[in-house]
Amino acid sequence: MAATDATSLEAAQPALSGSTHPPAASEPSAIFTGPRRGSHPRAQASARPARVVEFRGASKLYGAGDVGLERATFVIRRQEMVFLVGPTGSGKSTIMRLLIKEIEPSEGRVRVAGRDLCEIPRQKIPFYRRNLGVVFQDFKLLPTRTVYDNIAYALQVTGASRKQIRATLPEILRLTGLSTKLHSYPHQLSGGEQQRVAIARAFASHPPLLLADEPTGNLDPETSIGIMQLLYRINRAGTTVIIASHDSGMVDRMRRRVIELRRGRIVRDEASGSYGGREESTDELGERLRREVA
Amino acid sequence: MRPAFFLKESLRSMRRNVVPSFAALASVLVTTLVLGVFIPVVQATNGAADDVRKRVLVDVDLLSGASAATVARVRAELQGAPHVKSVQFVSKQSGYERQRKLNPQAFALIGYNPLPDIFRVTPDRPENSGALRAELDQSSPLGVRLVSDPAIAAVQNRQAQTDRIVSATRVIKITMALLAALLVIASVLLVSNTIRLSLFSRRREVEVMKLVGATDWFIRWPFVLEGLFLGALGGAGAVALLAVAKVTLVDPLANSVRLISRPDMIGFPLLIAILMACAVGVSAAGSGISLRRFLRI
């Protein structure tokens, strides 16, 4: 294992390492006192933030010369909120699928928390995925389960007991604003609510890294703002967030780091610093987004 | 916690998928039922065919007036010959008594015993009766008969009858074997197809489970348990129907119709055990194995 950077591994994979750092009292701290020995990523923020995601010349060829991604090299550090933008087929989803290890790179390296994903054997993939939160454009909820059970399932797979789940879920439901929808089935919810359930499920186990593939693709602008606020809040609480989107207007207004892709190549990688924006609260962000859309 | 969780999951999924679950249950029930009827039928047919084949004999007639020593010598020779399964001696006298009982007038008319001492030789396999006859009664190309023992007058194997028995029973056995193979293949395909269909409708669910980090067995166990339940229910239904049929139809006839009840036929308890094991095993294993396709994410 290429775990030369021990701190990054501990920070990004609390479930795998035995570290038990006390949760720091920033933002909604209660959500980090989950069933798992949650180590707050901020608790040990060093001068140089650790590399959560690292692509080194990663390429992906699909079959007959179809290029999914071409020699992509970038680093995403802890607590960053990064947007991947570009038209359909530009490689955003390929990056996401590489990160959840649904596919393997044809060339190059993909590291998460210092660990080369190629080195994770097949039967260990589920354990790796428990350290990721994943949100999709089409929500991917379990249609036969209620909101509560959908979110609980993400904890059940980790072997959490019913008691632990009952202790953890209310905070997540409150954070995502779903407390009143507990016993609804996905088909009874609006698109925005379904996406909130998906985010709640992705965040239920407090993963250090959250991936969102076009999370607002199916939603109207106002609902999208709500979803973005939610992702922003999760990011502010210490989770690294990567969002793929083709809504460049929204991405620009978020004033975060943007990696732009075109035909599998990275054509722009703009750090958030260039916006020179100060840290906003979640409410401020929402207000500004609404103002700028109008 | 885990077993209870899996149990609850499988019950939930059966409740939420009533129609596919019922389809799986019904297909298990029907195939088990057909299998349950077919196993005894095949056995009875094969048993009947074997009975007929046992009647293939080679008669060895001795010259009249053979002494006890000659009879003993020929018996030893016959028992040592190839393709011989058993040798039965029918003395002149006992043959006469039996025939006279069958046809008293004719034998009263004859007034004496025309029958020779006979050895009834059963070949090891019916197909070998010709070879056995040739062994005992070799005709040379010159027409001189070379009987293996001077005391033997003739060797008969009732050629036409034997041929008919051998070929007819062979056709029956092959037909039954083909039918049985066809039935087993059809049952497995039917059950696995039903399982595949119900799994296919839930493949997205499986995909989502994999994406939130569920291990293969975490996803698989509820499906296997579900297959186990449905298989057991379907099997139990089929067995109940078979029991009803046995009590109402087969048992009253068993004494009068020899075909239905044979001493070497499978017992009902054993039949039930086999059917239940098949129903449960195939559906549980089928669910688990069919799922593999959808777990490759």
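The values are calculated or read from the model by the stated rules, or taken from the named source; none is laboratory data. Note that the coordinates shown come from a computational prediction; the quantities given were computed from them, not determined experimentally. Ideal geometry is used to build each Cβ from the backbone, glycine not excepted, and the neighbour counts take in all protein chains shown. For accessibility, only protein heavy atoms count, side chains too; no ligands or nucleic acids. Shrake-Rupley method; radii C 1.70, N 1.55, O 1.52, S 1.80 Å.
Details
- Residue tally, condition of a type in the set (A, V, I, L, M, F, W, C), over 15 Å from B:Ile289 (Cβ atoms) and open to solvent by less than 20 Å² (accessible area, probe 1.4 Å), over the range B:205-229: 5
- The numbered conditions (1) within 14 Å of chain B (Cβ to nearest Cβ); (2) closer than 27 Å to B:Arg292 by Cβ; (3) under 19 Å from the mean Cα position of the chain (by Cα) are all true for A:Phe203 except (2).
- The range A:161-174, residues that are touching a residue at least 40 places away in the same chain (Cβ under 8 Å) and touching a helix residue (DSSP H, G or I) at 6+ places or on another chain (Cβ under 6 Å): A:Ile165, A:Glu171, A:Ile172
- Whether a residue is outside any helix (DSSP H, G or I), in contact with a Ser or Thr (Cβ under 6 Å, 6 or more places away or on another chain) and open to solvent by less than 60 Å² (accessible area, probe 1.4 Å) was assessed, and B:Ser27 does not pass this test.
- Being of a type in the set (Ser, Thr, Tyr), more than 30 Å from B:Leu178 (Cα to Cα) and either open to solvent by 50 Å² or more (accessible area, probe 1.4 Å) or not in a helix (DSSP H, G or I) (or both) is a condition met by no residue of the range B:116-134.
- Hits in the range A:128-160 - residues which are part of a loop (DSSP other than H, G, I, E, B), at the interface with chain B (Cβ under 9 Å from one of its Cβ atoms) and without any contact (Cβ under 8 Å) to a residue 60 or more places away in the chain: A:Lys140, A:Leu142, A:Pro143, A:Thr144, A:Arg145, A:Val157, A:Gly159
- With a requirement of 1 or more residues that are free of Cβ contacts under 8 Å to residues at least 12 places away in the same chain and closer than 21 Å to A:Gly89 by Cα, the strands (runs of 3 or more DSSP E) lying completely within the range A:175-272 that satisfy it span A:265-270.
- Whichever residue in the range A:98-127 is in a helix (DSSP H, G or I), within 8 Å of another protein chain (Cβ to nearest Cβ) and at pLDDT 90 or above and, among such residues, is farthest from B:Leu211 (Cα to Cα): A:Phe127
- The number of residues in the range B:205-252 that are among the hydrophobic types (A, V, I, L, M, F, W, C) and within 30 Å of B:Phe38 (Cα to Cα) comes to 20.
- Single condition B:Ser129 does not satisfy, out of (1) hydroxyl-bearing (Ser, Thr, Tyr); (2) touching a strand residue (DSSP E or B) at 6+ places or on another chain (Cβ under 7 Å); (3) modelled with pLDDT of 80 or more: (3)
- Of the candidates B:Gly47, B:Gly36, the single residue that is touching a Lys or Arg at 6+ places or on another chain (Cβ under 6 Å), part of a helix (DSSP H, G or I) and either within 13 Å of chain A (Cβ to nearest Cβ) or open to solvent by less than 60 Å² (accessible area, probe 1.4 Å) (or both) is B:Gly47.
- One residue stands out in the range B:4-24 among those that are away from chain A (no Cβ under 13 Å) and without any contact (Cβ under 8 Å) to a residue 12 or more places away in the chain: the one that is surrounded by the fewest Cβ atoms within 10 Å (Cβ to Cβ), namely B:Val19.
- Members of the range A:193-210 that are more than 19 Å from A:Arg130 (Cβ to Cβ) and either hydroxyl-bearing (Ser, Thr, Tyr) or open to solvent by 10 Å² or more (accessible area, probe 1.4 Å) (or both): A:Glu193, A:Gln194, A:Arg196
- Here the helices (runs of 4 or more DSSP H) wholly within the range B:67-115 that include at least 3 residues being of a type in the set (A, V, I, L, M, F, W, C), surrounded by 15 or more Cβ atoms within 10 Å (Cβ to Cβ) and assigned by TED's automatic domain parsing to the domain that holds B:Pro150 are B:68-80.
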